[in-house]
Amino acid sequence: MSFDLIPEPQSVTLNGDAADSDDAGAPVPVALPLVGRISEDRDIDDIAGVFPTQLADDIEAATGLRWDIASDVMVAGLPAPNAATAHPVPPHASCWKSFITLRLDPSSLEPQEYRLTIACSGIDVVGGDTEGVRNGVQTLRQIIRQCAPALPRLVIADKPAYKVRGYYLDATRGRVPTLDWLKTWADRLCLYKYNQLQLYIEHTFMFDDLSETWRGTSPLKPADIIAFDEYCARLGIELVPSVSTFGHQYMAMRTRELRHLGEFPEDADRQYGFVERQRHHTLNITEPESLAFSFKLIDAYMQLFRTRKFNICGDETFDLGRGRSKPEAERRGVAAMYADFVSQLCRHLSESGREPMFWGDIAVEMPQILGLLPDNVTLLNWLYAPGIGEDKVRLVAQAGAPQYVCSAVWCWNALLPRLDDSWNNISRLARYGVKYGAVGYLVTDWGDYGHVNDPRMAVSGMIFGAQCAWNPMAHIQGEAGCGDGEEGSAAGYADAAADEEDVLALPLLVGEPVAERGAHADLVAGIELVEGGGVFAGLHHGELEVIHPGGGRVDHEGRLAHAENGELPHLSGLEGEVFHFFFIIETHAERFDVVRFLHGFDDGRHFRQKGIVRPCHVQTPYLASASSAMALRTISRMSSDTGHCLMHRPQPVQAKRPSL
């Protein structure tokens, strides 16, 4: 039995002692009962019962059985009603006989930390606080989706690297999401353990007295925000308001009512265009009404949210000091002007009991600004270059400013995302943030130039961001599979011994239907939307069909059918045609030298340049070449247990996977 978890837990112990093994020594899985109950400790802050309901829904989807739900009072230290068998659920008193219990143990677990125990006697999810329980429930949901009705026996001990793991969604440029769609997106974020969401708003919210700005844009309404804030709160997600209050006021500055507040009011009637709207959009802060305008946006919008945080944006103020405010800039300097206006907005929020945050691009480019801002401001340090270094993260840390490091899914200005750029950017920034003590990690999804790409295309970046925000060093340290009694951070988990005679397992994404209960079917569907199967459409689950760039195939004995030298370790000099589809070598036997096989995999064309291992390349516009084994395994895990074309000869999965 194998399964895959996103994000990867810090510690997984599978199997156990011989008490729960069959005559052949194989571990006995935990069978979900036909009639079951889920009990939740009343001390958990989950009044609506969202967490047990999520589990009951997934069990029903996987088995067709609807479990009961109970609210309970649990006291640690007393034996549980069903704790007589081997591997008992940790003892606690309970009024209800339940197979799954959700409870708190703040004395032994940190906030957001959880421990998940799956034993023959029952399943126990314990959190250091309510969010810890919520995190453990999401892990259990992924296991249920892939393995039910028989689950692997295990203990998972887990906690995140970042306490704040946020997603930032552009809801203003092009696509304006409906409330129903936003709820669906929040469900995905919850499953992957995000705990913060921000919606970017310029002109697509129905502010009073600003109808000339939002007319014809299908704007979100106050009732939408209130309902969505409630929905997110039930899922353990903090919905944070984010409104442009300085730059990016292009639509407002084009209106007859507000154009006088811009740096270049004479340009307000120029022809609309996506490029034009990116250039001229900054408030003239020397105009007294500008500050009152920004205060009005803040005061109205913040009332709709339960959080105390507020993002004033303040990014890309390109026109500052170049138009109507140029004389002031020549007298004081642009840095001082910027710091003064942002400080006024932040003080206004602080006086209202709010915690201000802002985009840090201008402050990072003009470091003198950092010393001019209030101490209680959180800087959102957005750095989107794929090969970004750590200098700007270190700069903010040395200035003593609290910061979120902010990466990107790289979906803007394109029909399809640039995954290679996204993965490099996401993984690098996650490591830098941990190194320099960032207080949060934010994955951004921008819609510059119209948000023309399908929103589902961002799911892969969102999921990889979840991984890196939770356990950013996993793909650096390597990923150890878990076998009998073994602990480690695992890419895939197996409880069977390795079969050294099995050569290769190669999962491929093809055009077969995605199983409804697949743990990560949403991502697979997104890839399938673009790939459509191609030449793989005729290949089916369970076949050993290894396709390499030269067009040859590896048969079940590990021989290359169309090469003079059929031994896999000698393929490093092979040249092939451009390979147009996704693949990844997932496991290998002792005699298959994966490193040598993959040496110098260069742009999908040659195995040639020694010393470089690139496990996979994708040549389509949707999937660019991916440079980290972690990113590749992530997508592999998303497809492998959904009934969606895992192509391999049936075989036990190795107890310890070698890292690629």
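The values are calculated or read from the model by the stated rules, or taken from the named source; none is laboratory data. Note that this is a predicted model, so its numbers are computed, not measured. All Cβ positions, even for glycine, are placed from backbone atoms using ideal geometry, and neighbour counts span all protein chains on display. What goes into the accessible areas is simple: the full protein's heavy atoms, side chains included, and nothing from ligands, DNA or RNA. Shrake-Rupley method; radii C 1.70, N 1.55, O 1.52, S 1.80 Å.
Looking only at the stretch 94-131, which residues are β-branched (Val, Ile, Thr) and open to solvent by 20 Å² or more (accessible area, probe 1.4 Å)?
Selection gives 130 alone.
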Next item on the list: Go through the stretch 158-195 and count every residue that is assigned to a loop (DSSP other than H, G, I, E, B), of a type in the set (D, E, K, R) and out of contact with any helix residue (DSSP H, G or I) (no Cβ under 6 Å at 6 or more places or on another chain).
Entry: 4
Next item on the list: Filter the stretch 377-405 for residues that are open to solvent by 40 Å² or more (accessible area, probe 1.4 Å) and out of contact with any helix residue (DSSP H, G or I) (no Cβ under 7 Å at 6 or more places or on another chain) and give the result.
Entry: 391, 394, 398, 400, 402
Margin query: Under 7 Å between Cβ atoms, which residue pairs at least 6 apart in sequence (or on different chains) link something in the stretch 272-298 that is open to solvent by 60 Å² or more (accessible area, probe 1.4 Å) with a partner that is not small (Gly, Ala, Ser)?
Written below: 274/449; 279/318; 286/324; 286/328; 289/261
Check: Looking only at the stretch 451-471, which residues are in a helix (DSSP H, G or I) and open to solvent by 10 Å² or more (accessible area, probe 1.4 Å)?
Finding: 455, 456
Note to self: Among (1) touching a residue at least 40 places away in the same chain (Cβ under 8 Å); (2) more than 20 Å from residue 319 (Cβ to Cβ), there is one condition residue 351 misses while meeting the rest; what is its number?
What the structure shows: (1)
Note to self: On the basis of being within 23 Å of residue 264 (Cα to Cα), touching a residue at least 60 places away in the same chain (Cβ under 8 Å) and open to solvent by 40 Å² or more (accessible area, probe 1.4 Å), does residue 324 make the cut?
What the structure shows: yes
Check: Restricting the stretch 140-157 to residues that are in a strand (DSSP E or B) and open to solvent by 10 Å² or more (accessible area, probe 1.4 Å), which is farthest from residue 125 (Cα to Cα)?
Finding: 150
Note to self: For the condition closer than 28 Å to residue 306 by Cα, without any contact (Cβ under 8 Å) to a residue 40 or more places away in the chain and of a type outside the set (Gly, Ala, Ser), what is the one hit in 442, 370, 379?
What the structure shows: 379
Notebook entry, point to check: Is one or more of the residues making up the stretch 211-231 open to solvent by 20 Å² or more (accessible area, probe 1.4 Å), touching a helix residue (DSSP H, G or I) at 6+ places or on another chain (Cβ under 7 Å) and touching a residue at least 60 places away in the same chain (Cβ under 8 Å)?
Noted result: no
Margin query: Among the residues in the stretch 169-181, are any surrounded by fewer than 20 Cβ atoms within 10 Å (Cβ to Cβ) and either closer than 20 Å to residue 464 by Cβ or among the charged types (D, E, K, R) (or both)?
Written below: yes
Margin query: For the stretch 67-93, which positions are modelled with pLDDT of 95 or more and either open to solvent by 60 Å² or more (accessible area, probe 1.4 Å) or of a type in the set (Gly, Ala, Ser) (or both)?
Written below: 68, 69, 70
Notebook entry, point to check: Is it true that some residue in the stretch 360-372 is under 27 Å from residue 294 (Cα atoms) and under 21 Å from the mean Cα position of the chain (by Cα)?
Noted result: no
Margin query: Return the residues of the stretch 406-435 that are surrounded by 21 or more Cβ atoms within 10 Å (Cβ to Cβ) and more than 18 Å from residue 473 (Cα to Cα); say none if nothing qualifies.
Written below: 408, 409, 410, 411, 412, 417, 418, 419
